[in-house]
Amino acid sequence: MAAFQDRIEALRRKLDRTEAEAWVSLSEPDNFYLTGFTGDKSALIVTGDEAVFLCDGRFIEQARGEIAHCRIEEAKGSFLPAVGKQLEAIKPGPVAYDPDALTVGQLNLLEAAYTGPFIAEPGLV
């Protein structure tokens, strides 16, 4: 588990060099690399002081068994709007995302639910 925490800390250090205050991922490979979660349909939000992992109800028990270093939340309702609502609840300020791992359609749905700005930051993970 320490390796996953180290990876999130490395992401935070890279994030500190950007104008963003948080990072969001919908990428299954990135989310596996940072958390160890082997399921699909997940999101990870990393801020300077917390990491929030979201998945739908099908995977909540699996996430609790595989992830020890993130707050785990069940995304209720439509997944992407639920991720945007979680961002809105945290209100981290500008949110970085990897433009190579997030589609325009996904970004549009996140922007509809979160009032803060999004910043394309490739290669943070």
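Mind listing whichever residues of the range 48-87 are in contact with a Gly (Cβ under 7 Å, 6 or more places away or on another chain) and not aliphatic (A, V, I, L, M)? Within the range 48-87, 55, 59, 62, 66, 74 meet the criteria. The listed residues are 3, 89, 82, 20, and the only one of them that is closer than 19 Å to residue 125 by Cα and either free of Cβ contacts under 8 Å to residues at least 60 places away in the same chain or under 12 Å from the mean Cα position of the chain (by Cα) (or both) turns out to be 3.
So, restricting to helices (runs of 4 or more DSSP H) that lie completely within the range 49-120, which ones have at least 3 residues that are surrounded by 19 or more Cβ atoms within 10 Å (Cβ to Cβ)?
Details: elements: 60-66, 79-90, 104-113.
Because the criterion is at least 3 residues that are surrounded by 19 or more Cβ atoms within 10 Å (Cβ to Cβ), the helices (runs of 4 or more DSSP H) in the range 49-120 that meet it are 79-90.
Of the residues making up the range 57-64, none is closer than 21 Å to residue 124 by Cα, in contact with a strand residue (DSSP E or B) (Cβ under 9 Å, 6 or more places away or on another chain) and at pLDDT 95 or above.
Close contacts from the range 44-68, counting a first residue that is over 26 Å from residue 118 (Cβ atoms) and a second that is among the β-branched types (Val, Ile, Thr) and open to solvent by 10 Å² or more (accessible area, probe 1.4 Å), with Cβ to Cβ under 8 Å and a gap of 6+ residues or different chains, come to 60/72; 62/38; 64/72; 66/38.
Suppose we filter the range 22-47 for residues that are within 16 Å of residue 86 (Cα to Cα) and modelled with pLDDT under 95; how many remain? Break it down stepwise before answering.
Step one: filter the range 22-47 for residues within 16 Å of residue 86 (Cα to Cα), giving 22-26, 41-47.
Those left that are additionally modelled with pLDDT under 95: 41.
Of the residues in that region, 1 qualify.
Being among the small types (Gly, Ala, Ser) and open to solvent by less than 30 Å² (accessible area, probe 1.4 Å) is the filter; apply it to the range 34-48 and report the residue that is nearest to residue 123 (Cα to Cα). First the steps, then the outcome.
If we filter the range 34-48 for residues that are among the small types (Gly, Ala, Ser), which is where we start, we get 36, 39, 42-43, 48.
When the remaining residues are screened for being open to solvent by less than 30 Å² (accessible area, probe 1.4 Å), the result is 36, 39, 42-43.
On the way: 36: 19, 39: 23, 42: 19, 43: 17 Å.
Of everything passing the filter in the range 34-48, 43 is nearest to residue 123 (Cα to Cα).
The values are calculated or read from the model by the stated rules, or taken from the named source; none is laboratory data. All values derive from a computational prediction rather than experimental measurement. All Cβ positions, even for glycine, are placed from backbone atoms using ideal geometry, and neighbour counts span all protein chains on display. Heads up: the accessible areas ignore ligands, DNA and RNA and are worked out on the full protein's heavy atoms, side chains in. Shrake-Rupley method; radii C 1.70, N 1.55, O 1.52, S 1.80 Å.
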